[in-house]
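Here the structure comes first, spelled out in structure tokens, and everything after it is commentary.
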């Protein structure tokens with residue numbers, strides 16, 4: 001017997017935001033968070049990373065149009081380059097909220113269309 005453990009009806013705008021990676025889903029359920037909400041945690045993580053870098057070495061940053069996005073894109077490289085003792089896994093929200101594509105690849109996670117409505121469904 002199939003047991004639905006969570007279900008969440010999506011509004012049209014939420015589906016568009018999920019498809020453009022501006023809205024993320026908790027990998028353990030159907031809770032949603034916007035990119036701007038997650039950026040708070042990104043800033044905390046990246047500040048901690050920069051703090052660790054600057055405590056031991058000098059750091060030169062080149063002017064960027066969007067430093068936050070640039071650091072988010074290359075944080076793994078900086079951690080490896082400076083041999084930092086920081087782990088993104090310690091920042092729970094950055095690990096628990098994933099893209100629609102990643103979420104739907106998890107076992108028991110489905111995006112279902114019923115008529116004109118879309119639903120996120122988790123089956124246990």
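The values are calculated or read from the model by the stated rules, or taken from the named source; none is laboratory data. Values in this document were obtained by computation on a predicted structure and should not be read as measured data. Every residue, glycine among them, receives a Cβ derived from its backbone with ideal geometry; neighbour counts consider all protein chains shown.
What to note about this one:
- Matching residues in the stretch 98-121 - criterion: being part of a helix (DSSP H, G or I) and surrounded by 15 or more Cβ atoms within 10 Å (Cβ to Cβ): 100, 103
- Against the conditions (1) touching a residue at least 12 places away in the same chain (Cβ under 8 Å); (2) surrounded by 12 or more Cβ atoms within 10 Å (Cβ to Cβ), residue 85 satisfies every one except (2).
- Subset of the stretch 24-38 [in contact with a helix residue (DSSP H, G or I) (Cβ under 8 Å, 6 or more places away or on another chain) and either in a loop (DSSP other than H, G, I, E, B) or on the phi > 0 side of the Ramachandran plot (or both)]: 27, 28
- Any chance residue 71 is assigned to a helix (DSSP H, G or I), touching a helix residue (DSSP H, G or I) at 6+ places or on another chain (Cβ under 6 Å) and modelled with pLDDT of 95 or more: no
- From 76, 33, 124, residue being in contact with a strand residue (DSSP E or B) (Cβ under 8 Å, 6 or more places away or on another chain) and loosely packed, with under 10 Cβ neighbours inside 10 Å: 124
- Within the stretch 9-19, one or more residues are assigned to a helix (DSSP H, G or I), at pLDDT 95 or above and touching a helix residue (DSSP H, G or I) at 6+ places or on another chain (Cβ under 8 Å).
- On inspection, residue 51 passes the criterion of being part of a helix (DSSP H, G or I) and more than 30 Å from residue 114 (Cα to Cα).
- Qualifying residue in the stretch 78-96 (condition: more than 19 Å from residue 40 (Cα to Cα) and in a strand (DSSP E or B)): no
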